[in-house]
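Remarks on the structure that follows.
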Amino acid sequence: MINVFIDGSAGTTGLRIRERLQGNSEINLLLLPEELRKDPGAIKAMMNKSDVTFLCLPDAASMEAVTYCENPQTVILDTSTAHRTNPDWAYGFAELSPFHRDKIKKSKRIAVPGCHASGFCSVVYPLVAAGIISPEYPVTAHSLTGYSGGGKNMIKDYTEAKTAYMESPAQYGLGQTHKHLPEMKTVCGLSDYPVFSPIVADYYSGMAVTVPFFTKYMEKKVSAKELCEFYSEYYKDAKLIKVLPYNDKGVEGGFLYSNTLSGKDNMEIIVSGNDDRIVVVSRFCNLGKGASGAAIQCMNISCGLEETEGLELV
């Protein structure tokens, strides 16, 4: 039996983790009564009693909570941005490389990737690692997401206080200071930050992160079809990532919808475009492979469980 504590179980990510774990006979959820949910002493006691603790907190609170843990055997999985570029922590995206998977298995400190960053890294990391693009390639990306990615406040805005203009997609992060940019750059080994344009739209969950490439600026010249074949080979053993067959016009009759994997924990890689300009899209659920699903996958790998245990896959 694995004792699991969730600090921040009332938030969007924490609630979904709790829901996924409740039906697992190998998991014993350690729960605090409502009046002790924010009590440091009670939290500390639970963390040190646990085999696994999920931190579903703001950055500063996560950094403080880590200091409560005195049990050297407790695995901490942090879903905030606080530790994602810390080399002492495992970056929780096992499919990126054998190194990432092995570090998740062995580490007691695991940083769960951000949602936008998950899509970005799934596309860009393999290309840099294989030398198809150089670390100096001027990467740009845009990401379309449902409003649940903004947490309770944004969910309330869209469901209870929505104004007419909120019915249209809204671009944000215009100052190029989005909190996921450091991990995008660091994890992928890029020399510069990408130009990144996140967009929130009036639907609950689902995400499509799009990265365009000019083939003439690639280190290794590949066609769009060859790039699709490259991703298929790269992710051939991945249980949560599927590379769709190459289609120069995309999928769904020439359209590509961003909410088709809403509520699911897997990810799709889609390559389209032509041999001069290639578009690669990573499509998944911002609450699944982009948050709680990724956190549970990391726990499964760390604890030696079946990687897909408790996950909902297409």
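The values are calculated or read from the model by the stated rules, or taken from the named source; none is laboratory data. All values reported here derive from a predicted model rather than from experimental measurement. Backbone-built Cβ (ideal geometry, glycine too); neighbour counts: all protein chains shown.
One residue alone among CYS303, CYS298 is touching a residue at least 40 places away in the same chain (Cβ under 8 Å), within 22 Å of GLY149 (Cβ to Cβ) and in contact with a strand residue (DSSP E or B) (Cβ under 8 Å, 6 or more places away or on another chain), and that residue is CYS298. Among the criteria (1) surrounded by fewer than 22 Cβ atoms within 10 Å (Cβ to Cβ); (2) part of a strand (DSSP E or B); (3) touching a Phe, Trp or Tyr at 6+ places or on another chain (Cβ under 9 Å), the one GLU219 does not fulfil is (2). Just one of (1) in a loop (DSSP other than H, G, I, E, B); (2) touching a residue at least 60 places away in the same chain (Cβ under 8 Å); (3) farther than 21 Å from GLY23 by Cα; (4) β-branched (Val, Ile, Thr) fails for VAL251. It is (2). The residues in the stretch 4-42 that are of a type outside the set (Phe, Trp, Tyr) and within 24 Å of the chain's Cα centre (by Cα) can be counted, and the count is 22. Assessment of the stretch 183-191 against the conditions (over 18 Å from the mean Cα position of the chain (by Cα) and outside any loop (DSSP other than H, G, I, E, B)) yields no matching residue.
When each of SER148, SER134, SER107 is tested for being among the hydroxyl-bearing types (Ser, Thr, Tyr), closer than 25 Å to LEU256 by Cβ, out of contact with any Pro (no Cβ under 6 Å at 6 or more places or on another chain) and in contact (Cβ under 8 Å) with a residue 40 or more places away in the chain, the lone residue that passes is SER148. Screening the candidates PRO87, PRO40 for the property of being surrounded by fewer than 19 Cβ atoms within 10 Å (Cβ to Cβ), outside the structural domain of LYS179 (by TED's automatic domain parsing) and closer than 26 Å to HIS100 by Cα yields one hit, PRO87.
Would you confirm whether any residue within the stretch 122-132 is of a type outside the set (A, V, I, L, M, F, W, C) and loosely packed, with under 13 Cβ neighbours inside 10 Å? Yes, the stretch 122-132 has at least one match.
Among the residues making up the stretch 267-299, those that are farther than 14 Å from ALA208 by Cβ, surrounded by fewer than 24 Cβ atoms within 10 Å (Cβ to Cβ) and of a type outside the set (Val, Ile, Thr) are GLY273, ASN274, ASP275, ASP276, ARG277. Any residue that is under 17 Å from the mean Cα position of the chain (by Cα), outside any loop (DSSP other than H, G, I, E, B) and buried (at least 17 other Cβ atoms within 10 Å of the Cβ) - is there at least one of those in the stretch 224-241? Taking every residue of the stretch 224-241 in turn, at least one turns out to be under 17 Å from the mean Cα position of the chain (by Cα), outside any loop (DSSP other than H, G, I, E, B) and buried (at least 17 other Cβ atoms within 10 Å of the Cβ). Screening the candidates LYS162, LYS179 for the property of being modelled with pLDDT under 95, surrounded by fewer than 22 Cβ atoms within 10 Å (Cβ to Cβ) and outside any helix (DSSP H, G or I) yields one hit, LYS162. Restricting SER191, SER143 to those that are at pLDDT 95 or above, among the polar types (S, T, N, Q) and surrounded by 15 or more Cβ atoms within 10 Å (Cβ to Cβ) reduces the list to SER143.
Any residue at all in the stretch 47-58 that's in contact (Cβ under 8 Å) with a residue 12 or more places away in the chain, aromatic (Phe, Trp, Tyr) and within 14 Å of LEU30 (Cβ to Cβ)? The answer is yes, given that some residue of the stretch 47-58 is in contact (Cβ under 8 Å) with a residue 12 or more places away in the chain, aromatic (Phe, Trp, Tyr) and within 14 Å of LEU30 (Cβ to Cβ). Only one entry of THR159, THR177, THR163, THR186 meets the criterion of being under 30 Å from ASN71 (Cβ atoms) and out of contact with any strand residue (DSSP E or B) (no Cβ under 6 Å at 6 or more places or on another chain), and that entry is THR186.
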